[in-house]
Amino acid sequence: MVVVSDLHKSYGTVHAVRGVSFDVRRGEVFGLLGPNGAGKTTILEMVEGMLPIDRGSVTVDGIDVAVEPARVRRRIGISLQKTAFFERLTLAELLRLFADIYGGRARVDRLLERVGLHEMASRQVKTLSGGEQQRFAVAVALVNDPPLLFLDEPSTGLDPHARRELWELIEFLRLEGRSIVLTTHYMEEAQHLCDRVAILNAGRILALDTPQRLIDRLLATGFRKDVVLQPADLEDVFLQLTGRQLREQ
Amino acid sequence: MSAELRAYRSLTAANLKMYLRNPIASSSLFLVLIAILVLTKFLLNGQGPHTRLVVVNASGSAQAAALMKELRAVPSFDVSEASPADARKMLDQGKSDVELAIPNDLGQPDGTGRLVPVRLAVIYRAGTAGEASLPLLKGVVETYDERVLGEIPTVSVTASAVHTRIGGAIDFLLPGLVAFNILGSALMLAAGTFANYKATGVLRRLKATGMRSSVFVLAHSTSSFLLGMLQTAGILIVAGLLFTVQLDVLSLFLLLALGYLVFLAMGLAISGWIRDPQRATAVAQTVAFPMIFIALFSAALPSNITSVTRFLPVSYITDGMEHLGEGARLGAIELDLIWLAGWAVALLVAAGRVFRWD
């Protein structure tokens, strides 16, 4: 679905991405993990055709991103790290607008229902909570019914409840057969959602495999940490108190 | 319908919807300008449309005095007397709308004892209250002729128009107000909105759809143009209701549409060229305010300054508006239109070259 080879990007004297290569297979959730400034968003935006590529190549569904970036963007779904929409339009109006931009049919009710916002069609984005805004951003990314979705730090800033709701949505999208590339600096999120992850630091991929294989590889080196068996943690308390219904569903 | 046309149509409608849902940002300047018009009307005229009539009375007869009395009795006439030279000066300077000359032989008998037939010369400023009040003035004179001088017609009126460069208060004010509105709407509002979209990331989100930048710019320009022209039409309608403004509509539309396009392109060029949205808004304002000053006070500027400012697009709008206000037609403002078209093309090319999504 996506093939990235020897990707480079510099901003002045700062070499932000240094020879990154990976591929994304059909129907998988692929995670780019790394601390802030590791180059996750820069890589993602070059793959999406949002940023020019300095060196290396990216193909999405066989299309060379450097040659036809706009064509690639029309075929994929993108949820940017900092999502913004026209302030004074309702959710339904925004979805219709984006459907017209893609030249497709607006499936407003279906899209809003899929992200759990069907009762908010007449509200404006600014009146939504952070979690609702992220889910709406995913709804907009789905307007053109793309086989490949890019989600840039979709759960950053969300409370545990909203994050779990978003995870459920991403799992549902994977079940529909879509490929998803997401960036995150939450390891728990990557472990929960991703089929394969690439761990980045300073613009380089340090490791790329399934989460379990990466863990096994670490354990094989003799790494052990002190394990404190605790049947619940503070997040469980939080979810129990605020999100009981969600868990029961 | 092609996808790009659909996107253009939908974005244009969305922009208009957003302007309507944010009246403070999109219409506050327009409402202030309407308020200025109403206030001007209230301060200048008080109780409705008035005609400033200056009379050159060369006759000392009782009949001439009776005519003056009839004229002063008309509520919508503000009558004053002046010498021939002063009367012409008042007309030229826009301090009067119409001049009526009473010849010295009014009330003089001929050899048979009957009154000598006389002709009253009326000179009015084209396109002002003076022109509109001509039928009333003629009616007053005819009634006076019949009632005061007897059944045999003795007095007739000959009227001629004069095109004066300097008009009344509204002729001076209206071009400036319209140019102000165009500058505010096209340059500041359009550039500000564009800069805001860039700052908040709305443009990046649109870029992510793969749409062409030209579709977005065209939709943004169309909605801004429609709003600006609607507001300009509103100002002209209110001015027309409050004052006597006679303008050639086709010429006016061409002049204002081209003027709007120039400042819209200027706003887009500024907000495209300067990456930082706050700086872009500040630069747009810095460019706009001197031009607003020029628009409002062009007549009062010294000639060495106007020799430079006359090449600015705002000068072509105010100059064209002044000509149209004097009753001129398309031919008289051709040069203004050509210059504006030149500015529009140059700035649109520049705006297209410096456009950035982020």
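Among A:VAL47, A:VAL67, A:VAL58, which is the only one that is in contact with a helix residue (DSSP H, G or I) (Cβ under 9 Å, 6 or more places away or on another chain) and either under 25 Å from A:SER155 (Cα atoms) or part of a loop (DSSP other than H, G, I, E, B) (or both)? A:VAL47 is the lone residue from the list that is in contact with a helix residue (DSSP H, G or I) (Cβ under 9 Å, 6 or more places away or on another chain) and either under 25 Å from A:SER155 (Cα atoms) or part of a loop (DSSP other than H, G, I, E, B) (or both).
Taken over region A:53-82, the criterion of being in contact (Cβ under 8 Å) with a residue 24 or more places away in the chain, under 19 Å from A:THR42 (Cβ atoms) and not polar (S, T, N, Q) is satisfied by A:ILE53, A:ASP54, A:ARG55, A:GLY56, A:VAL58, A:VAL60, A:VAL72, A:ARG73, A:ILE76, A:ILE78, A:LEU80. The residues of region B:193-213 that are in contact with a helix residue (DSSP H, G or I) (Cβ under 9 Å, 6 or more places away or on another chain), small (Gly, Ala, Ser) and at the interface with chain A (Cβ under 8 Å from one of its Cβ atoms), listed by number, are B:ALA208, B:GLY210.
Being within 14 Å of chain A (Cβ to nearest Cβ) and surrounded by fewer than 17 Cβ atoms within 10 Å (Cβ to Cβ) is the requirement here; does B:SER303 meet it? Steps first, answer last, please.
Details: within 14 Å of chain A (Cβ to nearest Cβ): no; surrounded by fewer than 17 Cβ atoms within 10 Å (Cβ to Cβ): yes.
When the stated conditions are applied, B:SER303 does not pass them.
Condition test on A:GLU45, is it under 20 Å from A:ARG204 (Cα atoms), of a type in the set (D, E, K, R) and within 14 Å of chain B (Cβ to nearest Cβ)? Yes; evaluated as a whole, the condition is true for this residue. Applying the condition of being within 14 Å of chain B (Cβ to nearest Cβ), assigned to a helix (DSSP H, G or I) and over 27 Å from B:ALA3 (Cβ atoms) to region A:91-132 and asking which residue is nearest to the chain's Cα centre (by Cα) yields A:LYS126. Does A:GLU87 meet the test of being at pLDDT 90 or above and among the charged types (D, E, K, R)? No: the conditions fail for A:GLU87.
Against the conditions (1) in contact (Cβ under 8 Å) with a residue 40 or more places away in the chain; (2) under 30 Å from B:THR40 (Cα atoms), B:GLY240 satisfies every one except (1). Restricting A:VAL24, A:VAL47, A:VAL65 to those that are of a type in the set (A, V, I, L, M) and touching a Phe, Trp or Tyr at 6+ places or on another chain (Cβ under 6 Å) reduces the list to A:VAL24. Does A:PHE30 fit the bill of being buried (at least 18 other Cβ atoms within 10 Å of the Cβ) and either within 14 Å of chain B (Cβ to nearest Cβ) or closer than 20 Å to A:LEU111 by Cβ (or both)? Considered against the rule, which asks whether it is buried (at least 18 other Cβ atoms within 10 Å of the Cβ) and either within 14 Å of chain B (Cβ to nearest Cβ) or closer than 20 Å to A:LEU111 by Cβ (or both), A:PHE30 comes out as no. So which residues in region B:102-151 are within 17 Å of B:ALA65 (Cβ to Cβ) and aromatic (Phe, Trp, Tyr)? If the condition is that a residue be within 17 Å of B:ALA65 (Cβ to Cβ) and aromatic (Phe, Trp, Tyr), then B:TYR144 is the only one that fits. Being more than 14 Å from chain B (Cβ to nearest Cβ), of a type in the set (Gly, Ala, Ser) and in contact with a strand residue (DSSP E or B) (Cβ under 9 Å, 6 or more places away or on another chain): is that true of A:ALA137 here? Criteria not met by A:ALA137. With respect to the conditions (1) surrounded by 23 or more Cβ atoms within 10 Å (Cβ to Cβ); (2) in contact (Cβ under 8 Å) with a residue 40 or more places away in the chain, A:SER155 falls short on a single one, namely (2). Of the helices (runs of 4 or more DSSP H) lying entirely inside region B:1-105, those containing at least 1 residues that are touching a residue at least 24 places away in the same chain (Cβ under 8 Å), more than 14 Å from chain A (Cβ to nearest Cβ) and crowded, with 17+ Cβ neighbours inside 10 Å are B:23-44, B:62-72, B:84-92.
The residues of region A:68-82 that are facing chain B (nearest Cβ under 8 Å) and touching a Phe, Trp or Tyr at 6+ places or on another chain (Cβ under 8 Å), listed by number, are A:ARG74, A:ILE78.
The values are calculated or read from the model by the stated rules, or taken from the named source; none is laboratory data. Treat the numbers as computed from the prediction; the structure is a model and nothing was measured. Neighbour counts run over all protein chains shown; Cβ positions are idealised from the backbone, glycine included.
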